[in-house]
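First up is the structure itself, then whatever we jot down about it.
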Amino acid sequence: MTTAPAMPAPASAPRPATPPSAPSGGGVGTATIDPFKIVNKYKFWLAGAVAVGAVLGVAAHIVLLRVAPTYRPVVLFEVNMTPLSPGTVTSIVPKDDYQRLMQTEVQKMKGENILRAVVEDPRFEKEAPAYAEEFREAGGINTRKALRQLQKDVAARVIPETRLISLTVGYKVAGDATGILKLIREKYELDTRNDVRRKSAGQIQTLTKQVSEADAELAALQRQREGLIGSGQVDSLDDRAGTNRELLGLISKELVDVDNKLKAAGEAMVIYDEQLKNPAGITYSDTVRAQVENEPELQEIKRTISNLTSRLDSIKLRGMSENHREYKEVVALIEGYTNSETTTRERLLRTRFDGEVDNMRTTIRQFTAQRDDLNRRREEIRTQLVDLTRIQSQISDIDKKLGEKSISRRSFDDSLRNVTALSEMDAAQRVVVLQQERIPDQAAFPDIKMMLPLGVLVVLSLVGGVIVLREILDQRVKGPADIAMIPRTRVLGFIPDAIEDPSGTGAVETAMRDRNKGVIAEAFRVIRGTLTKRLSQTGHRTVVVMAGMPGSGATSVATNLAIASGAAGQRVLVIDANLRRPALQRVFGLAETPGLVDVLTGTVRLDQAVQRTSDGTLSVMAVGSRDKRNLEILATSAMNDLLAEARAKFDLVIIDVAPAIVSGDGMALAGKCDASILVVKAMSEKRGLVARIRNDLLDTRAEFLGVIVNSVKSSAGGYLKGNIKASSEYQAA
């Protein structure tokens with residue numbers, strides 16, 4: 001047993017504030033879902049869902065095909081809005097109007113007028129006997145019910161980016177659906193021919209009247225414009241207005257410059273006035289002082305003082321005392337010229353300052369006069385511009401009206417020519433049947449191409465919803481990502497599960513020493529780097545390592561961090577403050593006494609209680625005598641003294657305490673130490689418990705450094721399994 005060498009250490013730094021990047025909330029954060037992690041974790045579930053969904057989709061297709069098939073014959077129409085005869089206009093209807101016209105035709109095809117004519121047609125029962133039979137009553141076909149059902153079964157739509165309209169009827173009997181569709185086509189074609197003939201005559205008359213009225217308005221506006229041009233000398237006005245606008249721009253620019261200079265001079269004058277009113281006197285600038293120092297009058301006095309000083313030095317060299325008459329005369333002369341120098345300097349400074357004030361006042365008056373003159377000239381030019389632009393504004397208004405009226409006139413004329421051309425075109429050319437109805441040889445519904453992916457999508461969505469719900473409701477800490485979801489909680493690092501370390505199994509408490517090339521040892525090295533950086537920034541030396549629940553591995557974290565820090569050249573002391581279940585003496589094979597409680601009760605000194613481990617890189621203080629393990633002893637002032645002495649002798653002091661869920665010892669020590677670390681075990685603690693312990697640690701004196709997640713399994717998802725394998729292979733190579 002040896003004593004660690006004493007070395008003074010800096011006092012513990014005050015606990016820093018919570019990092020700015022940490023959220024301000026205090027509760028448990030809402031679970032976030034990593035899709036890659038979820039897919040990797042539940043890949044077999046998802047694969048099974050895809051297989052089951054595919055089977056269900058095929059089964060649903062077979063059942064629906066036997067029980068409730070739907071056949072949909074199709075009629076394709078092409079809508080032509082241009083005449084087909086040679087020599088006529090080739091582009092009559094704009095694109096937007098064209099689309100509106102096609103939508104209008106769609107509504108007509110499936111409108112009530114067409115469908116009512118179908119169900120009232122005597123051929124309805126012959127063309128669709130099974131369909132009509134569903135609406136047969138004592139007095140014949142119930143046309144009202146048949147019409148309502150037909151409105152549901154008929155569908156029409158514009159095929160995108162084409163001039164085609166698709167019209168279909170869906171029914172379980174292919175022949176009946178085709179017969180109904182034939183009747184609808186015939187009724188629509190008849191209605192279209194009648195509609196074209198009926199509307200053309202009235203439209204031509206209205207458009208002809210609009211063209212004539214537009215011609216009269218254009219002639220009146222043109223006469224008004226010619227009158228203004230003849231009396232207003234527009235060309236001359238344009239030149240004068242342009243010159244005045246250019247001059248106005250120059251004056252405005254010059255006025256802005258003068259305003260800026262006047263503002264700067266005013267601000268300088270305010271400073272001068274404040275100096276003049278200052279009871280303590282004027283504070284002269286370095287520039288003024290430098291100029292005054294170069295004044296001949298002041299330079300002459302300085303030279304005289306310099307000569308007298310040299311004379312005084314000569315008198316001293318001749319051995320004359322201060323009481324000698326000549327010595328006193330020279331001293332008196334120096335004092336007189338020194339006072340004269342001070343008086344002259346103050347006079348010259350004030351004179352030069354007053355001169356600057358007068359110059360500034362003169363400058364302000366000049367700038368003010370210049371600004372007033374520029375404002376006057378600007379207003380004169382603005383008045384001239386108003387007069388010059390009046391006629392131009394009137395002519396511009398007329399030109400605008402002429403342009404608008406010309407556009408309207410052309411629009412009326414184009415519409416008149418379009419309507420005339422359409423009225424002359426054969427109505428059968430307006431809507432052309434490209435594809436007539438024919439009995440379909442296969443059902444439109446169900447479709448295996450739809451049912452198969454639909455079944456997969458439904459089952460996959462259900463399974464995915466269950467997976468997501470399970471992940472959200474599961475509050476257990478499975479890995480570092482779950483800790484990162486808790487507000488104001490930093491992840492200090494994580495330790496993989498010992499059984500997944502390819503370097504072999506053994507005592508986890510000394511993995512850093514026994515398997516220093518394993519994945520667990522490498523994880524502790526990473527945490528040591530982060531911990532060392534933070535402690536060096538704050539000057540902290542005493543760190544409490546606390547578990548959330550029993551079995552979380554706080555002792556393993558404390559011992560491995562201590563071994564890692566000792567191997568890095570630090571003087572490390574690890575203290576066993578777990579009075580209920582001490583373990584350090586067992587881990588390192590040391591004596592149980594003397595230890596912590598012996599030092600706290602004054603039985604031994606700290607040097608006598610510190611033991612060296614077998615490799616000599618680490619100092620350990622066991623818990624101490626069993627009969628002195630008073631649970632309240634950790635909260636006494638003796639613990640403060642012990643920690644202060646340990647800070648002075650060691651670079652790092654790590655304290656292993658009992659779990660927070662069963663003891664308040666850790667919180668008591670956190671109020672005495674510099675920093676604290678919380679250790680939680682994956683798949684054991686819940687986020688709510690971690691958040692509560694985190695809040696308690698944040699309320700103590702110690703800075704809460706973060707959480708270390710222990711025993712993280714690769715099955716938790718993410719890239720942990722690949723990282724373990726890559727690290728192991730690299731170490732082996």
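The values are calculated or read from the model by the stated rules, or taken from the named source; none is laboratory data. This structure is a prediction, so every number in the text was calculated from the model and none was measured. Cβ atoms come from the backbone with ideal geometry, glycine included; neighbour counts cover every protein chain shown.
Give the range 522-543 a look and list any residue that's of a type outside the set (S, T, N, Q) and without any contact (Cβ under 8 Å) to a residue 40 or more places away in the chain, or say none. Those that are of a type outside the set (S, T, N, Q) and without any contact (Cβ under 8 Å) to a residue 40 or more places away in the chain: Ala523, Arg525, Val526, Gly529, Lys533.
Per this entry, Ile114 is not counted among residues that are among the β-branched types (Val, Ile, Thr) and out of contact with any Lys or Arg (no Cβ under 8 Å at 6 or more places or on another chain). Tell me whether the range 235-257 contains one or more residues that are more than 28 Å from Arg365 (Cα to Cα), modelled with pLDDT of 85 or more and of a type in the set (Val, Ile, Thr). No. Residues that are at negative phi, without any contact (Cβ under 8 Å) to a residue 24 or more places away in the chain and either in the same structural domain as Ala682 (by TED's automatic domain parsing) or not in a loop (DSSP other than H, G, I, E, B) (or both) do not occur anywhere in the range 546-567. Selection of the range 437-492 for residues being more than 30 Å from Gly170 (Cα to Cα) and of a type in the set (Val, Ile, Thr) yields Val463, Val466, Ile467, Val468, Ile472, Val477, Ile483, Ile486, Thr489, Val491.
Within the range 119-161, being touching a strand residue (DSSP E or B) at 6+ places or on another chain (Cβ under 9 Å) and of a type in the set (Val, Ile, Thr) holds for Val119, Val154, Val158, Ile159. Report whether or not Arg586 is outside any loop (DSSP other than H, G, I, E, B), under 26 Å from Pro550 (Cα atoms) and basic (Lys, Arg). Taking the combined requirement at face value, the residue satisfies it.
The selection criterion, being farther than 16 Å from Val557 by Cβ and not charged (D, E, K, R), holds for Ser663.
The sole residue among Glu297, Glu379 that is without any contact (Cβ under 8 Å) to a residue 12 or more places away in the chain and either part of a helix (DSSP H, G or I) or within 30 Å of Glu246 (Cβ to Cβ) (or both) is Glu379. When you scan the range 651-664, do you find a residue that is assigned to a helix (DSSP H, G or I) and surrounded by 15 or more Cβ atoms within 10 Å (Cβ to Cβ), even just one? Within the range 651-664, none of the residues are assigned to a helix (DSSP H, G or I) and surrounded by 15 or more Cβ atoms within 10 Å (Cβ to Cβ).
Is it the case, given these coordinates, that Thr603 is assigned by TED's automatic domain parsing to the domain that holds Asp674 and either more than 20 Å from Leu643 (Cβ to Cβ) or part of a helix (DSSP H, G or I) (or both)?
So Thr603 does not fit the description; no.
Within the option set Gly718, Gly706, being within 21 Å of Thr530 (Cβ to Cβ), at pLDDT 85 or above, not aliphatic (A, V, I, L, M) and not in a helix (DSSP H, G or I) holds for one residue only, Gly706. Pro550 meets all of the listed conditions (1) touching a helix residue (DSSP H, G or I) at 6+ places or on another chain (Cβ under 8 Å); (2) under 16 Å from Gly666 (Cα atoms) but one, namely (1). Taking each residue of the range 641-659 that is farther than 12 Å from Ala577 by Cβ and looking for partners that are basic (Lys, Arg) and surrounded by fewer than 21 Cβ atoms within 10 Å (Cβ to Cβ) with beta-carbon atoms closer than 7 Å, six or more apart or interchain, yields Phe650/Arg571; Asp651/Arg571.
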